[in-house]
Amino acid sequence: MSPPSAADASPAPLSEAPLSWRDALKVYLEPATLRMLALGFSAGLPLLLVLGTLSFRLREAGVARSEIGYLSWVGLVYAFKWAWAPLVDRLPIPLLTRRMGRRRSWLLLAQALVIGGLVGMAMADPRGGLAPLVWGALLVAFGSATQDIALDAFRIESAETRKQAALAAAYQTGYRLAMIWAGAGVLSIAAWTEITGAAGYQNAGWKAAYLVMAASMAVGVVTVLLSSEPAQRVMPRARNAAEWLQNVLVEPFADFIRRYKWQAVLILSLIAIYRISDVVMGIMANPFYVDMGFSKEEVAAVSKVFGVVMTLVGAFVGGILSMRLGVMRVLMLGAVLSAASNLLFAWLAAHGHDMTMLVLVVSADNLAGGIASAAFIAYLSSLTNISYSATQYALFSSLMLLLPKFLAGYSGVFVDAYGYVPFFVGTAVLGVPVLVLVSLAARLQRSDAG
């Protein structure tokens, strides 16, 4: 793909000379990388609490799979964050931005919204109606999406392009550790606080678990307060409202089209479906565990041990391989592994309750996800112009979720009609077009580099 010119102030092309093994490892000890570990935790915490873990809670409360699938459309908030990304990119927050800077002030505001939404979800009981829970989930999703916009820009502006893979790996490590805490941790807390011997759904345990998750957002809040604002490019002043709207709303998207021309279609198509296997499958994973007879304690125990280890290994390996072998090669590897791990879920569905197989499936899924995510984030970061980093990255990450989240809304209906095995096999097949697009994108990049 045609690399942007220096005048565009965008990251260097992915074909830049790789770092040595020693220098690649040293990047992981730099302050910017360590900050990304903590901020990745803050970014990853809300996601499962409005999607995956919430689906376990709803299924245990007796909510139908079809309703759970439809409720996953709350996640479409993430797919439309590009709509307010220009405001996060340019608009100051009164009083707060002057003291803390644009990125940090938006991060703090977003984290406050997430905390408020999680407290609201903690106080709701799905047996008395889903509306309060849904409103709380929407607030969490909006705050989380806003945090993503500001954080992605913060990350891109914190290091040079060839170090972005390490920052992405650290971010993904923190992100996935938070997802384990928001998955296994929530299940463990909910189980520990249940009344022993009482049968059926117990909301008090889930209330305690969600309040602990709200308190866990302190990791991100403290990190933002202790961080420094990254150096930012001085933005030109707009002479009137029309010029301001042109710079804020139109120019970020026009800039991308100008730099990549017709290749933008291929790039955007790849972004739109790269994570489709994972996202569509993920909504039904926890209802699947419930229906297979796995207890909260069993799922939590496997996720805490094997999920943590394989998440760390996957993110670290993905970051190192991206810096050494190139992002496109690791993108292909991640796409293959993500689709293949879904076939393991089909295998588990055919065999029923089996703890050994659950360990294998969870381990493979976390390893594949870590590798794919580290490479994908580095790839998306390389496409942005630093002058519009928040808006352009929000566009890419929103596009990544739009089609998968929409399809995921029908996952419960599909499982009800055909069962889990065809569902998991079908999600693996969805990954085949991804391999074709990665191959085409890599070929274009090699031809342009030559």
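Key figures
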quantity	calculated
Helices (runs of 4 or more DSSP H) wholly inside segment 351-450 that include at least 2 residues being under 20 Å from ALA85 (Cβ atoms) and out of contact with any strand residue (DSSP E or B) (no Cβ under 6 Å at 6 or more places or on another chain)	355-383, 389-408
Qualifying residue in segment 363-375 (condition: at pLDDT 80 or above, at negative phi, among the charged types (D, E, K, R) and surrounded by fewer than 24 Cβ atoms within 10 Å (Cβ to Cβ))	no
Filter pass, TYR175 being over 22 Å from SER227 (Cβ atoms), touching a residue at least 12 places away in the same chain (Cβ under 8 Å) and surrounded by 24 or more Cβ atoms within 10 Å (Cβ to Cβ)	no
Selection status of SER72, touching a Leu at 6+ places or on another chain (Cβ under 9 Å) and either touching a residue at least 60 places away in the same chain (Cβ under 8 Å) or not in a loop (DSSP other than H, G, I, E, B) (or both)	yes
Condition met for SER322 (over 14 Å from SER373 (Cα atoms), among the polar types (S, T, N, Q), out of contact with any His (no Cβ under 7 Å at 6 or more places or on another chain) and in contact (Cβ under 8 Å) with a residue 60 or more places away in the chain)	no
From VAL317, VAL313, VAL330, residue being β-branched (Val, Ile, Thr) and buried (at least 22 other Cβ atoms within 10 Å of the Cβ)	VAL330
Residue within segment 275-289 that is in a helix (DSSP H, G or I), more than 25 Å from the chain's Cα centre (by Cα) and farther than 16 Å from LEU331 by Cα present	no
Given (1) part of a helix (DSSP H, G or I); (2) under 27 Å from GLU251 (Cβ atoms), number of the condition PRO94 does not satisfy	(1)
Single residue of PHE288, PHE294 found to be closer than 19 Å to ALA340 by Cα, surrounded by fewer than 24 Cβ atoms within 10 Å (Cβ to Cβ), at pLDDT 85 or above and not polar (S, T, N, Q)	PHE288
Every pair of residues 6+ apart whose Cβ atoms lie under 7 Å, when the first sits in segment 208-226 and is modelled with pLDDT under 95 while the second is outside any helix (DSSP H, G or I)	ALA208/THR193
Residue in segment 384-391 that is within 20 Å of the chain's Cα centre (by Cα) and among the aromatic types (Phe, Trp, Tyr) present	no
Some residue of segment 344-361 being out of contact with any Gly (no Cβ under 8 Å at 6 or more places or on another chain), small (Gly, Ala, Ser) and touching a residue at least 60 places away in the same chain (Cβ under 8 Å)	yes
Test: residue in segment 406-428 that is closer than 20 Å to GLY44 by Cα and surrounded by 21 or more Cβ atoms within 10 Å (Cβ to Cβ)	yes
Subset of segment 409-436 [touching a Phe, Trp or Tyr at 6+ places or on another chain (Cβ under 8 Å) and among the aliphatic types (A, V, I, L, M)]	VAL415, VAL434
Residue check, ARG65 at pLDDT below 90, closer than 29 Å to ALA209 by Cα and either crowded, with 20+ Cβ neighbours inside 10 Å or among the aromatic types (Phe, Trp, Tyr) (or both)	yes
Counted residues, segment 92-111 - those being in contact (Cβ under 8 Å) with a residue 60 or more places away in the chain, surrounded by fewer than 22 Cβ atoms within 10 Å (Cβ to Cβ) and out of contact with any Asp or Glu (no Cβ under 6 Å at 6 or more places or on another chain)	2
Out of PHE80, PHE56, sole residue that is out of contact with any Gly (no Cβ under 7 Å at 6 or more places or on another chain), aromatic (Phe, Trp, Tyr) and surrounded by 22 or more Cβ atoms within 10 Å (Cβ to Cβ)	PHE56
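Rundown of residues vs (1) over 20 Å from ILE377 (Cβ atoms); (2) out of contact with any Pro (no Cβ under 6 Å at 6 or more places or on another chain); (3) free of Cβ contacts under 8 Å to residues at least 24 places away in the same chain; (4) not in a helix (DSSP H, G or I), yes/no style:
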residue: TYR78; (1), (2), (3), (4): no, yes, no, no
residue: GLY117; (1), (2), (3), (4): yes, yes, no, no
residue: VAL140; (1), (2), (3), (4): yes, no, no, no
residue: ALA145; (1), (2), (3), (4): no, yes, no, no
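The values are calculated or read from the model by the stated rules, or taken from the named source; none is laboratory data. Source: prediction; values computed, not measured. Methodologically, a virtual Cβ is constructed for each residue, glycine included, from the backbone with ideal geometry; neighbour enumeration extends over all protein chains shown.
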